[in-house]
Amino acid sequence: MRSSDQTLEEILALAATHFKVPREKLAPDDDFFQKLGIDSLQALELLTRLENHFHVELPDYELQGVSDFRTLADRIQARL
Amino acid sequence: MEAEITERLQGEALSWELKEGVVELALHRQPANEIGTLMLNELEMFIGALKCLEDQACALIIHSQLPAGFSAGADLRELYEKSRPLPAEERSRQVRLFLQRIHRVLNCIDASPLTTIAAVHGVTFGGGFELALTCDLIIADKMARFCFPELRLGLIPGFGGIPRLKRDLGNGIVRDLLLTGRSLNAQKAATVGLVSQLVGEGEALRVARATAAQLCKFDRRTAIAAKKFIKPIPLEELRREIDIFCELFAQPAVEEGLRRFVQNSTAQPYLP
């Protein structure tokens, strides 16, 4: 099973790749809406990519109020 | 001239074309194929043409040309702006008229003798999901998401979503989608039987075309008889849905919910 740190790192790498932001510019506590420059439709795209990557189902209401990578990783880790 | 208009039309919100026995209806109203007056007007034009197209075709594919997805559903901004200045009774009357028009369109697609395929990707929400549900098959790329977010606004889906979803799926998953308002990814949608083919990113239209080419080999009369037998239109429930929607629409909570959505300047209006 993945560690929390591995999950977080994979999220950061996936976000960097798909939203074309250099990986080194993303930090765990960054606001991903701001840092990736995404709106809610693109956030849903990120959610779908994460669900497909980790093979989990993450109801979108669990993302309510979540805007940083670390908390997002915690939510996913709880479903692994 | 008339035949040319029927076989091909480039509208503002959608276009259609008849090619080798397959009608392709492409949605392209920015930003995410919201279904408001413009889309409805053009869907009605399409339905007018469909009667002629049905004699020349065997399949209909509905897809989106926009990267955001198939459709984000009803145009909530238009609904809010148009209904806000009206007295409550008139507001309710206008909504009912809109719903009756969209139901006529969706019932025609649902009952069409053509075999119908929704090729979906990205956001397939609310009214967009309801449009997909009129089709015989849903082919989804793995980035598609399905959702009925209406309860967040104090409403139920109004374009026939619940009766059609109930027709296709078990009541448990219908309640889950409706009562939680959560979105399902394409993988889950395929697992519960909503999606007939799950395909790679960007592949839904190609696979829909290949599927249409295959089913066009079958005898049309047999295909029509099979569809009629297996796919009843839940007309009574569809009528009741309009009544319930209009009753709920008159509640003050709905105006407040719409106002919140329209005035939401954060990046999150499509999230719960």
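The values are calculated or read from the model by the stated rules, or taken from the named source; none is laboratory data. Computed from a predicted model, the values in this text were never measured in an experiment. With ideal geometry, Cβ positions are generated from the backbone for all residues, glycine too; neighbour counts draw on all protein chains shown. What goes into the accessible areas is simple: the full protein's heavy atoms, side chains included, and nothing from ligands, DNA or RNA. Shrake-Rupley method; radii C 1.70, N 1.55, O 1.52, S 1.80 Å.
Quick notes
- Tally of residues being buried (at least 18 other Cβ atoms within 10 Å of the Cβ), of a type in the set (Lys, Arg) and either within 19 Å of B:Asp168 (Cα to Cα) or touching a Leu at 6+ places or on another chain (Cβ under 7 Å) (or both) across region B:197-242: 0
- Among the strands (runs of 3 or more DSSP E) confined to region B:87-176, the ones with at least 3 residues that are within 30 Å of B:Ala226 (Cβ to Cβ) and either within 14 Å of chain A (Cβ to nearest Cβ) or in contact with a helix residue (DSSP H, G or I) (Cβ under 9 Å, 6 or more places away or on another chain) (or both) are located at B:115-120, B:137-141.
- Scanning region A:39-80 for residues that are open to solvent by less than 30 Å² (accessible area, probe 1.4 Å), within 7 Å of chain B (Cβ to nearest Cβ) and out of contact with any Phe, Trp or Tyr (no Cβ under 6 Å at 6 or more places or on another chain) yields a count of 7.
- Every residue from region A:17-38 that is within 10 Å of another protein chain (Cβ to nearest Cβ) and loosely packed, with under 15 Cβ neighbours inside 10 Å: A:Asp31, A:Gln34, A:Gly37
- Screening region B:1-86 for strands (runs of 3 or more DSSP E) wholly inside it with 3 or more residues that are out of contact with any His (no Cβ under 9 Å at 6 or more places or on another chain) returns the ranges B:8-10, B:14-19, B:59-64.
- Considered as a group, the residues in region B:10-28 that are touching a strand residue (DSSP E or B) at 6+ places or on another chain (Cβ under 7 Å) and charged (D, E, K, R) include one that is least open to solvent (accessible area, probe 1.4 Å), and that residue is B:Glu24.
- Residue among B:Ala118, B:Ala88, B:Ala68 that is within 10 Å of the chain's Cα centre (by Cα) and of a type outside the set (Asp, Glu): B:Ala118
- Single match in B:Phe146, B:Phe159 (criterion: at pLDDT 95 or above, open to solvent by 10 Å² or more (accessible area, probe 1.4 Å) and of a type in the set (A, V, I, L, M, F, W, C)): B:Phe159
- Against the criterion of being within 14 Å of another protein chain (Cβ to nearest Cβ), touching a helix residue (DSSP H, G or I) at 6+ places or on another chain (Cβ under 8 Å), modelled with pLDDT under 95 and open to solvent by less than 60 Å² (accessible area, probe 1.4 Å), B:Leu258 does not qualify.
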